[in-house]
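Notes for the one structure printed next.
The values are calculated or read from the model by the stated rules, or taken from the named source; none is laboratory data. Please read these numbers as outputs of a predicted model, since none were measured by experiment. A quick note on method: Cβ atoms are made from the backbone with ideal geometry, for glycine too, and the neighbour counts reach across all protein chains shown. Heads up: the accessible areas ignore ligands, DNA and RNA and are worked out on the full protein's heavy atoms, side chains in. Shrake-Rupley method; radii C 1.70, N 1.55, O 1.52, S 1.80 Å.
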Amino acid sequence: MTTIETPQPDAAASRPATPYFVSICLIVGLSGLLFGIDTAVVSGALAMVRATFRLDSDGEGWIVSSAVLGCVIGTFASGWLADRFGRRAILRAAGVLFLSSTVASAVPPSAIVLVLARIVGGLGIGFASVVGPLYIAEISPPRLRGRMIATFQLAITVGILTAFASNALILRFGDRWAGDVQWLRWLLVDEMWRGMLGACALPSLLFLLLILIIPESPRWLLKNGRPDQAKRVLIRLSGTGDVQLELASIDRSLTTQTGSLSELFSRRLRRPLVIGVLLTIFGNLSGINVIMYYAPKLLATAGAAPEGAMDGTVAIGVMNLVFTLVAMALVDRAGRRPLLLTGVGGCAAALNTAALLFAFHVETGIRLLVPLLVHVACFAFSYGALGWIVISELFPTRIRGRAAGFVTMFGWGTGFLISQSLPRLLENLGGAGVFGIYGAATAVAVLFIATMVPETKGKTLEEIEQFWSSRPAAPS
């Protein structure tokens, strides 16, 4: 590897944000938009899919959780693939998977084909959920990194809201839009769930075309012995500035690392590994997937009419978007820990409130909607935005891709178990039991964040790495 000599390790701190840099972040953020659409669109279609294919509770769980199963596989493979072939190549692969899944989900002849199509889409989500924030972290200056990674979560929330709104519009106006065109009536009226699931085709194609123009991460290029290409990318991202100093800082961090997967399990990185794994697990145990996937079902259980349940779901999407914007405004000023502690504490309170409503049988549609909205708001400015940021910041450059994939896999694995089991749990434990379990787990998460998660605001990725190196190693 070429070593670039210079005495200053933090030149990236003053790197300006250029229009090119911002546009690249927005293009990568489109993968988050598709992530959000693919995650949430099934919520409005679920009851109709269940009726079409005559599914029981376990079959319903599979329709939802199949995408999450794909995510588990995708996150497991994405880190190694991103370190081996580059961040850009894996984002392009995610685009192909999104488009293929969307088309196949709209025309499946059976539930099995739909499950397989959603697994393919889940692979794309898994790739995007790891590599999107990772890529943005690696091209961003420290003073903007939190905000720019949060654009990925913002795109997810826009995607979720788009999916909820699209479902509601098709439910209300599908008959008018289809007119007398037979194939449109099949998609938007007779089996409107097909139109709901196929609505992601156009944004998937747009993302696939735009992702072709993004550059490779300069950190990945330098790690793979391409300093000249890394320099050219940095100049395009930030102008001439102190590019040579930044390259030297990155290069020094790379020369101190072995780059092997065994390093991830070394005593030196045991603390960030535990923090990353538990943060993703607790994020899913907050029950956010239950709300995003099953909000219409939950509101219908509480007595809401179909259109009212869909309107409540749109309100949840709006709340998610608004408070993601709050996170973007505050993350690089207030810091990671204060937002995490405040938001996760709010999630715990909302979940336990919902459990009490079910326990005392006063969970009418509007009463249940209030704690769901509070939960989504608190999740959006804590786990939702901050989870991606912290995970993207925790690990050294040489193993960041594999580390992020390994950590995120645990979160999606937890999400799969939750999504698959929820219909059965609702039948056996009721809303009080389900929300009570998630509320208790989230209360424990507050203690974990208070005692384990460090503040990384304003630090370069290399400074964060040095922080772990300077701490006593975790015991064997």
Among 278-284, 38-44, 460-466, the order from most to least packed when residues are scored by Cβ within 10 Å on average
38-44, 278-284, 460-466
Which values of log₁₀ I(q)/I(0), to two decimal places, follow from the Debye formula for the chain at q = 0.10, 0.11, 0.13 Å⁻¹ with a uniform point scatterer at every Cα?
-0.70, -0.84, -1.14
Just order 337-346, 23-32 by mean Cβ neighbour count inside 10 Å, highest at the front, would you?
23-32, 337-346
Efficiency by 1/(1 + (r/R0)^6): what FRET value for D180 and V362, r their Cβ-Cβ distance, R0 = 51 Å, to the nearest 0.05?
0.60
Segments 220-229, 391-400 sorted - mean Cβ within 10 Å per residue, highest first:
391-400, 220-229
Cα-projected label distance for L205 with V22, points at 7 Å along beta-carbon direction, nm
2.9
When the helices in the chain are scored as -39500 (n - 2.57) per DSSP H run of 4 or longer and the sum is shared across all residues, what 222 nm value do you end up with, to the nearest 500 deg cm²/dmol?
-26500 deg cm²/dmol
Within the accessible area of region 48-101, what % is carbon and sulfur when the probe is 1.4 Å and the other protein chains stay in place?
63
Multiply the residue separation of R236 and F53 by 0.36 nm, subtract the distance between their alpha-carbon atoms, and state the gained length in nm to one decimal.
60.7 nm
Radius, Kirkwood style, for region 380-476 when every pair of distinct Cα atoms is counted (Å)
16.0
Expected output is a single nm value to one decimal: the length gained when fully extending between R424 and T451, i.e. 0.36 nm times separation in residues minus the C-alpha distance. What is it?
6.2 nm
Apply the membrane-span-like helix rule to the chain: whole DSSP H runs, Cα extent along the own long axis of at least 24 Å, mean Kyte-Doolittle hydropathy at least 0.5. List the helices found.
19-40, 57-85, 87-106, 111-139, 142-178, 306-334, 336-359, 400-452
Give the cross-link partners of K459 among the lysines, using a straight C-alpha distance below 27 Å as the criterion and excluding same-chain residues fewer than 8 apart.
K223, K231
Residues of the chain: accessible area per residue at 1.4 Å, in Å²?
36
Estimated inter-spin distance, Q244 and V444, nm [label 7 Å along Cα→Cβ]
5.4
Tell me the relative contact order for region 81-123 as a rounded percent, counting alpha carbon contacts under 8 Å between residues six or more apart.
37
Tell me the label-point distance for the pair I213, V107, using the 7 Å Cα-to-Cβ offset, in nm and rounded to one decimal.
3.0
Can you check what the net charge comes to around R54, using other residues whose Cβ is under 15 Å from the Cβ of R54 (Lys, Arg +1; Asp, Glu -1)?
-3
